[in-house]
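Presented below is the structure to which this report refers.
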Amino acid sequence: MNLVNTFFNIPILIDTFPLLLSGLLVTLEIGVTSIVAGLAGGLFLALVRLYGPGPVPFLSKIYIDIFRSIPLLVLLIIVYYALPFVGIRFSPFVSAVVALTLVSAAYTAEIFRAGIEAIPHGQFEASQALGLSGRHMMVDVILPQAIKIVIPPLTNNCINVLKDTALASVVAMPDLLKQATQAQALAANPTPLIGAALIYVALLWPLVAIVARLEKRFGKDKRP
Amino acid sequence: MTPLIKISNLKKAYGAFTVLHGIDLDISEGEVVCVIGPSGSGKSTLIRCINRLEAFSDESSIIVDGVTVGPGKALAKVRAEVGMVFQSFNLFPHLTVLKNVMLAPMRVRGAKPAEAERKARDLLTRVGIATQAEKYPGKLSGGQQQRVAIARALAMEPKVMLFDEPTSALDPEMVGEVLDVMKTLAGTGVTMVVVTHEMGFARQVADRVIFMDGGRIVEQGTPSEIFDNPREDRTRSFLRSVLDH
Ligand SMILES: Nc1ncnc2c1ncn2[C@@H]1O[C@H](COP(=O)(O)OP(=O)(O)OP(=O)(O)O)[C@@H](O)[C@H]1O
Ligand SMILES: [Mg+2]
């Protein structure tokens with residue numbers, strides 16, 4: 001019984017639940033903002049990497065490689081603690097979103113690129129032969145087909161971004177993890193941490209299940 | 001009369017390997033030209049240069065209806081006037097048959113949806129696919145898909161139609177329906193350049209037959225000149241090899 005009282009103390013859980021929920025809200029705000037910005041940035045990076053003029057594709061590749069190599073925690077600490085030395089000062093929220101977006105865009109770019117490259121060459125040729133402009137070819141022909149291919153890996157990336165929001169607690173962002181650790185200190189009991197873990201799982205498990213189903217479905221009707 | 005397509009000194013190489021050795025070819029408006037020749041002789045490369053799906057050497061020139069085919073703005077104009085039908089159909093699998101045919105007129109010519117749809121249904125009727133308009137390409141047979149591809153190209157009202165072995169990917173029983181559509185089309189005065197292994201079609205429909213080998217035009221003439229009285233040995237041995245089959 002001692003174990004239950006220590007790790008799963010119901011009264012403490014009820015007491016701290018509102019705090020945890022407010023943390024969840026912050027987590028979702030950081031996560032969703034970063035995911036949306038990362039999608040836009042990633043699509044842009046993928047397109048300029050594939051079709052940009054002159055040195056642009058190379059620069060895009062450099063960006064993608066760097067931001068896929070750097071540990072997110074290191075990047076976050078640089079953005080929040082190092083940039084102020086050169087006069088750039090972001091709030092904890094903006095710091096977290098900036099760091100997550102920079103990295104998510106790099107991963108998303110590679111996902112989009114793979115999706116576009118998976119479209120058969122004949123689709124590009126047929127579009128060009130019809131006289132479609134590059135923009136119409138992408139918007140009307142290539143991207144609608146690529147979307148199907150990239151949805152499972154993009155969903156996977158969403159899961160990673162949502163998980164990585166927990167790092168924001170390092171820069172004093174009152175996200176789910178931060179609220180849980182504070183509640184733990186206050187109550188002198190680890191139950192809020194367990195509660196936070198359960199909330200993460202409840203949030204992400206459905207996404208994980210969706211990815212598995214999507215991968216199975218799209219794996220089945222592979223194009224010829 | 002100036003030719004509709006004027007190809008001068010067309011050269012194309014992949015690295016050190018020369019695919020086209022300076023081809024000169026004029027095609028008049030309304031002419032139906034069939035290009036025959038062994039595999040690897042450069043037939044596809046030749047017609048893919050006409051709408052610049054393949055880039056070619058700077059010393060070469062191709063002029064289509066007065067517009068020089070080169071990189072840049074004019075290319076869009078050329079491509080709008082030149083329709084192409086591929087061996088592998090290349091229909092857009094995420095769009096219905098109808099939308100496949102409507103897309104380019106709306107995006108390139110700025111056609112209104114209602115007008116584009118009316119014309120698309122017209123064309124689908126002409127190629128005998130009217131009842132399949134709402135289906136996706138994947139649900140159609142190869143022969144039907146290729147007829148949709150022809151309608152899709154015709155929707156741009158091109159001056160020239162290029163065909164690259166349009167029946168080679170088809171089951172034998174579907175070849176006829178596609179060739180029939182092409183025969184009808186040839187009768188309407190559209191300029192056609194057809195790469196084909198269908199010698200019967202070439203003999204019956206072509207105004208001129210071009211025999212290519214090794215990246216050169218070896219011989220050209222009317223179907224009866226090429227098929228009944230070929231002058232070149234290479235033409236004779238090629239025809240013997242395909243007609244024996
Ligand atoms: N992308 C490429 N890179 C290198 N060589 C190529 C490329 N495309 C074509 N070739 C070569 O160019 C030559 C001509 O090819 P092309 O496709 O024009 O021939 P073809 O007459 O259409 O033959 P087929 O009847 O087999 O279609 C061939 O030897 C081919 O191997
Ligand atoms: Mg070929």
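Read-outs throughout are calculated quantities, based only on the coordinates presented, and are distinct from any laboratory measurement. All values reported here derive from a predicted model rather than from experimental measurement. Cβ sites come from the backbone with ideal geometry, for glycine too, and all protein chains shown count toward neighbours.
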Worksheet entry | Total residues in segment B:76-105, condition more than 9 Å from every other protein chain (Cβ to nearest Cβ), without any contact (Cβ under 8 Å) to a residue 40 or more places away in the chain and not charged (D, E, K, R) | 1
Worksheet, complete the sentence: Filtering segment B:207-233 down to residues that are closer than 27 Å to B:Ala169 by Cβ and in a helix (DSSP H, G or I) yields B:Pro223, B:Ile226, B:Phe227
Worksheet item: If you scan segment A:81-138, which residues turn out to be assigned to a loop (DSSP other than H, G, I, E, B) and within 14 Å of chain B (Cβ to nearest Cβ)?
Response: A:Ala118, A:Ile119, A:Pro120, A:Leu130, A:Gly131, A:Leu132, A:Ser133
Item to complete: Scan B:Ser39, B:Ser57 and give me the residue that is free of Cβ contacts under 8 Å to residues at least 60 places away in the same chain and more than 27 Å from B:Ala202 (Cα to Cα).
Response: B:Ser57
Item to complete: Name every residue in segment B:11-41 that is assigned to a strand (DSSP E or B) and within 15 Å of the chain's Cα centre (by Cα), in order of residue number.
Response: B:Ile27, B:Val32, B:Val33, B:Cys34, B:Val35, B:Ile36
Worksheet item: Any idea which of (1) out of contact with any Gly (no Cβ under 6 Å at 6 or more places or on another chain); (2) of a type in the set (Val, Ile, Thr); (3) within 16 Å of ligand 2 (Cβ to nearest atom) is the one B:Val19 doesn't satisfy?
Response: (1)
Worksheet entry | Among (1) facing chain A (nearest Cβ under 10 Å); (2) more than 16 Å from ligand 1 (Cβ to nearest atom) - the single one B:Lys73 does not satisfy | (1)
Item to complete: Taking B:Pro93 as meeting all but one of (1) more than 27 Å from A:Val141 (Cβ to Cβ); (2) part of a loop (DSSP other than H, G, I, E, B); (3) more than 16 Å from ligand 2 (Cβ to nearest atom), write down the number of the exception.
Response: (1)
Worksheet item: Looking at A:Ala196, A:Ala172, A:Ala188, which one is out of contact with any strand residue (DSSP E or B) (no Cβ under 6 Å at 6 or more places or on another chain), of a type in the set (Gly, Ala, Ser) and crowded, with 18+ Cβ neighbours inside 10 Å?
Response: A:Ala196
Fill in: Candidate set: segment B:142-168, residues that are within 16 Å of ligand 1 (Cβ to nearest atom) and more than 11 Å from chain A (Cβ to nearest Cβ); chosen: the one farthest from B:Glu115 (Cα to Cα)
B:Ser168
Worksheet entry | Positions within segment B:165-206 being in contact with a strand residue (DSSP E or B) (Cβ under 8 Å, 6 or more places away or on another chain) and part of a loop (DSSP other than H, G, I, E, B), in sequence order | B:Glu165, B:Pro166, B:Val190, B:Thr196, B:His197, B:Ala206
Practice prompt. Tell me which residues, restricted to segment B:124-141, are within 14 Å of chain A (Cβ to nearest Cβ) and crowded, with 18+ Cβ neighbours inside 10 Å.
Written response: B:Pro137, B:Leu140
Practice prompt. Considering only residues that are at positive phi and near ligand 1 (Cβ under 9 Å from one of its atoms), look in segment B:1-58 and name the one that is nearest to the other protein chains (Cβ to nearest Cβ).
Written response: B:Gly42
Worksheet item: In segment A:77-97, which residues are on the phi < 0 side of the Ramachandran plot and of a type outside the set (A, V, I, L, M, F, W, C)?
Response: A:Tyr80, A:Tyr81, A:Pro84, A:Arg89, A:Ser91, A:Pro92, A:Ser95
